[in-house]
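Student: Quick one: structure below, then a few questions.
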Amino acid sequence: MLVHSVDCRDAKDGEESCRYSWILDPNAAHPLHPLSTQPLLVQVRAKIRLKHYSIRTEQAYADWIRRYVLFHGKRHPSALGATEVEAFLTHLAVDGKVAAATQNQAKSALLFLYREVLAIELPWLDKVARAKHPSRLPVVLTRDEVARILSRLRGVHALLGGLLYGAGRRSSTSPLPRSGLGYLRQRWVTID
């Protein structure tokens, strides 16, 4: 690992002269070394980048790990265990009222921290209060309803509406600018 080196010696005239350089020190602690003196989040980010995770995953995992450490009074995660992870995840579901996907993301971040960075295997986390998955029913129009909607559209809106419907695309993936989408949605909603 490259280490910054400073070599200062007294010059003849009593002034100090310093030479700055980078040296390769094989004994220096690498950020991924288990006994590294690097801050925890630096180690986490280094491991995430080593595994080629996306930058958004890196940001999310680092944030969840930071929140976990703060939740437990800034204690190092290596001093904590499965019961503390369960307490944090349960707190998110019960007190934080987070969505199930959010709780799963926090759980993934903590499992990554313990497995990949700290090399500690946690027992199965089965005492965690699970966040509830929302029950969503898909909104589907019948063919007759779609035909009535498309018959009322004119010009470019009829063309785009037909293309979106025929291609099975959602209106959120339309090439229309937002103002055009708003107009098209308004036409779809207001039809009897």
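Student: Go through the residues of segment 95-108 one by one and say whether even a single one is under 17 Å from PHE71 (Cβ atoms), of a type in the set (A, V, I, L, M, F, W, C) and assigned by TED's automatic domain parsing to the domain that holds ARG67.
Tutor: yes
Residue-wise test of (1) in a loop (DSSP other than H, G, I, E, B); (2) at pLDDT below 90.
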site	(1), (2)
HIS4	no, yes
TRP22	no, yes
PRO26	yes, yes
ALA29	yes, yes
VAL69	no, no
ALA93	no, yes
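Student: Give the residue, chosen from ALA62, ALA87, ALA106, ALA101, that is part of a helix (DSSP H, G or I), within 14 Å of VAL128 (Cβ to Cβ) and within 12 Å of the chain's Cα centre (by Cα).
Tutor: ALA106
Student: From TYR53, TYR68, which residue is among the hydroxyl-bearing types (Ser, Thr, Tyr), under 23 Å from ARG130 (Cβ atoms) and touching a helix residue (DSSP H, G or I) at 6+ places or on another chain (Cβ under 9 Å)? Don't jump to the end; show me each part of the working.
Tutor: Numbers: TYR53 fails: under 23 Å from ARG130 (Cβ atoms).
Result of the check over TYR53, TYR68: TYR68.
Student: Could you go through segment 77-85 and let me know if any residue there is of a type in the set (Val, Ile, Thr) and surrounded by 15 or more Cβ atoms within 10 Å (Cβ to Cβ). Break it down stepwise before answering.
Tutor: Step one: list which residues in segment 77-85 are of a type in the set (Val, Ile, Thr), which gives 83, 85.
This time we only want the ones that are surrounded by 15 or more Cβ atoms within 10 Å (Cβ to Cβ), so: 85.
Checked against the condition, which is being of a type in the set (Val, Ile, Thr) and surrounded by 15 or more Cβ atoms within 10 Å (Cβ to Cβ), segment 77-85 yields at least one hit.
Student: In the list SER36, SER17, which residue meets the criterion of being at pLDDT below 90 and outside any loop (DSSP other than H, G, I, E, B)?
Tutor: Testing whether each residue is at pLDDT below 90 and outside any loop (DSSP other than H, G, I, E, B) leaves just SER17.
Student: Okay, moving on. Among the residues of segment 109-121 satisfying the criterion of being touching a residue at least 40 places away in the same chain (Cβ under 8 Å) and assigned to a helix (DSSP H, G or I), which is surrounded by the fewest Cβ atoms within 10 Å (Cβ to Cβ)? It would help to see each step written out before you state the result.
Tutor: Step one: of segment 109-121, the residues touching a residue at least 40 places away in the same chain (Cβ under 8 Å) are 109-110, 112-113, 116-120.
Now drop any that are not assigned to a helix (DSSP H, G or I), which leaves 109-110, 112-113, 116-117.
On the way: ALA109: 22, LEU110: 23, PHE112: 20, LEU113: 26, GLU116: 15, VAL117: 24.
This residue is GLU116.
Student: Any idea which residue in segment 104-152 is modelled with the highest pLDDT, counting only those that are closer than 25 Å to LEU40 by Cα and of a type in the set (S, T, N, Q)?
Tutor: GLN105
The values are calculated or read from the model by the stated rules, or taken from the named source; none is laboratory data. Just so it is clear, the model here is predicted, and its values are computed rather than measured. We place every Cβ from the backbone using ideal geometry, glycine too, and count neighbours over all the protein chains shown.
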